[in-house]
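To start, the structure itself, in structure tokens.
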Amino acid sequence: MGIAAMLGSPIKRREDPRLITGQATYVDDIKLTGMLHMTVLRSPYGHATITSIDTETASQLPGVVAIYTAKDLKGKVGNVPVAVPLPPRISKGMGRRGPLAEDKVRFYGDPVAVVVAENRYIARDALDLIDVDYEPLPAAIDIEKAMQPDAPLLYEEFGTNIATSMHPSTEEIDKVFADTLAQGGIIAKGRIANQRVAPSPMETRGAVAEYRKADQMLHLWSSSQIPHLLRNYLAEQMNLQQHQVHVTVPEVGGGFGCKLNIYPEEALAAFAAMQIGRPVKWIEDRDENLAATIHGRDQINYVEAAATRDGKITGLKFRVISDLGSYLQFFTDVIAIAFTLPMLSGSYDIPNIYSSCDTVFTNKAPTDAYRGAGRPEATFMVERAMDFVARELKRDPAEIRLLNFVQPEQFPHKMATGALYDSGNYAAALEKAMDILGYDKLREEQKSKKAAGKLFGIGISSYVEMCGIGPKGTTPFGLYESARVRIEQSGTVIVYSGTSPHGQGEETTFAQLISHEFGIPIENVLILHGDTSSTPEGRGTYGSRTTAVGGTAVYQASLRLKEKMKTIAAAMLEASPADIELEDGKFSVAGSPQKAVSFQQVAATANTSNTLAPGIEPGLETTVFFEPEANTFPFGTHICVVEVDAETGEPEITRYVAVDDCGRQLNPLLVAGQVHGGIVQGIGQALCEEVVYSEDGQLLTTTFMDYAMPIAPDLPHFELDHTVTPTKVNPLGVKGIGEAGTIGSTPAVVAAIADALDKDNIDMPLKAEKLWRIIHNQ
């Protein structure tokens, strides 16, 4: 493949050989001399008072080195970090916790004590010897019941389970709805449950901590999406300076947002290592992962749409109730407020939108970012509203969408929610998906199938999402990204990336960028990330921002070095820097291509010569920090076709078409891979995934025998295509693609099944038993 064609080419991921041959290093592969193993004793109750903890018998078990409870951590380890403690109650301490529960446990899996032992087996056996006396308390599980005055309270001192409550006046939206009705329009409404799900990465969480007393350095290996933020906040927790904490993130076997956190166990492993003076490893079991790693979604939404008789929507009204779980993790309290509410316009030019929001504590595991983080919930509400209107007016759902889309010439466009969208062509994506599917013909086929008694449905989802998270002035701290690029005398280019990808493929796309800009083989580019001692400060991988923000930093760093190399090449060629061109790895004089020096020659001169022209520093190295001025807004349309077996209720997805627009594509193969994975996770939520608690707070989905996820035979061939609408927010024109499939797929699948069963809405997950009961009126 020519170097000129490198950018935009579907090359395979450079990371994959080490991953698929077992040569990669994950946290559990870290083995240090004298390493101990930590296990965590967790609450078997959803809500209970701790009256006593007796560790005497456990501590006498041979091989046990230490046992710690909350009292051992007092004054030594700070609370679990929260990025944005919101007023009025969270800012006063509501929902905050230390690494171990002290007087009360608030969810099944709440950590109560830790054992550190010579090996994992001894540590696990010792857990059974710790005697904790609990007094069970009534639990608040149902989110709407938890809001009531007589509900069991998680934080009695606040007198309520409601953390934040935003209820603006409805006077304006009520007038819009009344005027719409008065002019002959309609109001469509519904209650929507966006159920709680578990991220379930292939690799569970894990940490290894080593403390060197001689130089007072704490080294933590963690399976994390945010190495620098983890270092910064862990230093604060442990009362250390940032330079005393070194975080290394090796390979990460899946994150999906759940590793965008600083968890209790990381501080506990660090504390134990500092106290004992030996390295300490903790690896999460799968049942711990399902119980104690954050969960996602878990909203109850009330949706109302006002529309004219011809289908023009005049107003939307949303009530959002977000379940925070029992405690706050890093972004728990802002998921609904910062990521759901701004996206309630969807891709539609709707003049009036009202939203209220309550965030509520319950006796369940904390919720936080899960692939899409608040935006799937927004898209689900908006897309269901479009279908409610179409059904009420007896119009095709595609027609309603086409009638209400923001038009291409309107961009950049400020939505009624206040979000400023960068660019888009929503109708083009929908029409392309309809053409691929043969939509009109399929609707005719649907009529004949339904006449024959078949349960056949078609569902549409035209989504838009907010990505490239980090615009100036919109967050409590800078969400920039960084890159340091160094060119060795051999001509090898090393990129130290502040952001730390964990499967998205930036080791490949960043190398493609460098290869393209310098005209050198991709084999001459090395991408390094995940080590806070060698990489510049970054903010992590989440929100589909790694390429849009981190990739821009890499690109701008390459431009800086290119200009310096042109200056050096000009001196070597006795020409003006303005006349120097770089093409195919050669610097030449414009109009005289025979006067040229190679990329390697310029690199060697910059790094070794002692006769560089005046004003030129030796070496080729630069660091760039990029902070975007605005968010990016990828979009697309997904269309799902289903048949439901009337005898069993089993749904089968027979076709699935996805047309996504993430702006400029640096590597179409990686884009398709991200879309595939996202679609599967979205289908999983629609059809089978659900975290379930009993009324007293017992977790009922503690294994993969209880928590179902889709597998390959459940899924059809995905028919993928794209449109390309670049953004002007960054010079690369890229928008982000990591979460698109998850956001677009869930509403499409639910809409298709609701269409097949001729229902306004069916709450997820749409398991066969639920559908069978609906079909047979059970």
Limited to segment 520-578, what total is found for residues that are hydrophobic (A, V, I, L, M, F, W, C), within 25 Å of T248 (Cβ to Cβ) and open to solvent by 30 Å² or more (accessible area, probe 1.4 Å)?
2
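Yes or no, residue by residue, for (1) in contact with a Cys (Cβ under 6 Å, 6 or more places away or on another chain); (2) under 28 Å from R309 (Cβ atoms); (3) touching a residue at least 24 places away in the same chain (Cβ under 8 Å); (4) surrounded by 13 or more Cβ atoms within 10 Å (Cβ to Cβ):
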site	(1), (2), (3), (4)
D131	no, no, yes, no
L153	no, no, no, yes
M166	yes, no, yes, yes
E171	no, yes, no, no
I186	no, yes, yes, yes
I192	no, yes, yes, yes
M202	no, no, yes, no
Qualifying residue in segment 291-305 (condition: touching a Gly at 6+ places or on another chain (Cβ under 8 Å), open to solvent by less than 10 Å² (accessible area, probe 1.4 Å), among the β-branched types (V, I, T) and closer than 30 Å to A416 by Cα):
yes
Taking segment 428-445 and keeping residues open to solvent by less than 20 Å² (accessible area, probe 1.4 Å) and touching a strand residue (DSSP E or B) at 6+ places or on another chain (Cβ under 6 Å) leaves A429, L430, A433, L437
Tell me the residue from I337, I353 that is out of contact with any Gly (no Cβ under 6 Å at 6 or more places or on another chain), surrounded by fewer than 24 Cβ atoms within 10 Å (Cβ to Cβ) and over 21 Å from G424 (Cβ atoms), please.
I337
If we keep only residues of segment 672-693 that are farther than 19 Å from A754 by Cα and open to solvent by less than 20 Å² (accessible area, probe 1.4 Å), then the residue farthest from the chain's Cα centre (by Cα) is V691
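Any idea how many residues of segment 396-418 are in a loop (DSSP other than H, G, I, E, B) and acidic (D, E)? Can you show your working first?
Our first condition is that a residue be in a loop (DSSP other than H, G, I, E, B); within segment 396-418, this holds for 396, 406-407, 411-412, 415-418.
Now restrict to residues that are acidic (D, E): 396.
Here the count works out to 1.
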Matching residues, segment 589-637, being open to solvent by 60 Å² or more (accessible area, probe 1.4 Å) and in a helix (DSSP H, G or I)
Q600, Q601, N607, T608
Are any of the residues in segment 196-205 over 24 Å from E266 (Cβ atoms) and not in a strand (DSSP E or B)?
no
Identify, by number, the condition in (1) outside any helix (DSSP H, G or I); (2) in contact (Cβ under 8 Å) with a residue 12 or more places away in the chain that A557 doesn't meet.
(1)
Going residue by residue through segment 272-284, is there one that turns out to be outside any helix (DSSP H, G or I), touching a helix residue (DSSP H, G or I) at 6+ places or on another chain (Cβ under 6 Å), under 30 Å from G684 (Cα atoms) and modelled with pLDDT of 95 or more?
yes
Give the residue that is nearest to K759 (Cα to Cα), with candidates limited to residues of segment 385-427 that are of a type in the set (D, E) and crowded, with 20+ Cβ neighbours inside 10 Å.
D387
Is it true that some residue in segment 112-127 is in contact with a Lys or Arg (Cβ under 7 Å, 6 or more places away or on another chain), open to solvent by less than 10 Å² (accessible area, probe 1.4 Å) and assigned to a loop (DSSP other than H, G, I, E, B)?
no
Could you give every pair whose Cβ atoms fall below 7 Å, whose first residue belongs to segment 710-736 and is over 29 Å from E643 (Cα atoms), and whose second residue is open to solvent by 80 Å² or more (accessible area, probe 1.4 Å), counting only separations of at least 6 or pairs across chains?
V724/R664; P726/R664; V729/E629; L732/R664; G733/R664; V734/R664
Residues that are surrounded by fewer than 16 Cβ atoms within 10 Å (Cβ to Cβ), part of a loop (DSSP other than H, G, I, E, B) and of a type outside the set (V, I, T), drawn from segment 717-766:
H717, K728, P731, D758, K759, D760, D763
In the set A378, A365, the lone residue that is aliphatic (A, V, I, L, M) and touching a residue at least 40 places away in the same chain (Cβ under 8 Å) is A365
Need the failing condition index for G473 against (1) free of Cβ contacts under 8 Å to residues at least 12 places away in the same chain; (2) part of a helix (DSSP H, G or I), just the number.
(2)
Over segment 433-454, the set of residues hydrophobic (A, V, I, L, M, F, W, C) and closer than 14 Å to C640 by Cβ is A433, M434, I436, L437, L442
Pairs returned, first residue in segment 407-431 that is within 19 Å of T637 (Cα to Cα), second residue that is part of a loop (DSSP other than H, G, I, E, B) and acidic (D, E), beta-carbon separation under 9 angstrom, 6 or more apart or interchain, are Q407/D349; F411/D422
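Is segment 40-54 home to any residue that is at pLDDT 95 or above, among the polar types (S, T, N, Q), touching an Asp or Glu at 6+ places or on another chain (Cβ under 6 Å) and more than 26 Å from A117 (Cα to Cα)? Please lay out each step first, then the result.
Quick first cut of segment 40-54, residues at pLDDT 95 or above only: 40-54.
Cutting the leftovers down to among the polar types (S, T, N, Q) gives us 43, 49, 51-52.
Checking the rest, the ones that are also touching an Asp or Glu at 6+ places or on another chain (Cβ under 6 Å) come to 43, 49, 51-52.
From what's left, more than 26 Å from A117 (Cα to Cα): 49.
Yes: one or more hits.
One line per residue, one yes/no per condition, for (1) in contact (Cβ under 8 Å) with a residue 40 or more places away in the chain; (2) of a type outside the set (S, T, Y); (3) not in a loop (DSSP other than H, G, I, E, B):
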residue: P501; (1), (2), (3): yes, yes, no
residue: E507; (1), (2), (3): yes, yes, yes
residue: E523; (1), (2), (3): no, yes, yes
residue: L528; (1), (2), (3): no, yes, yes
residue: S544; (1), (2), (3): yes, no, no
residue: G551; (1), (2), (3): yes, yes, yes
residue: K564; (1), (2), (3): yes, yes, yes
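The values are calculated or read from the model by the stated rules, or taken from the named source; none is laboratory data. Predicted model, so just to flag it, every value in this text is computed and none were measured. All Cβ positions, glycine included, derive from the backbone under ideal geometry; neighbour counts span all protein chains shown. Ligands, DNA and RNA are excluded from the accessible area calculation, which covers all protein heavy atoms including side chains. Shrake-Rupley method; radii C 1.70, N 1.55, O 1.52, S 1.80 Å.
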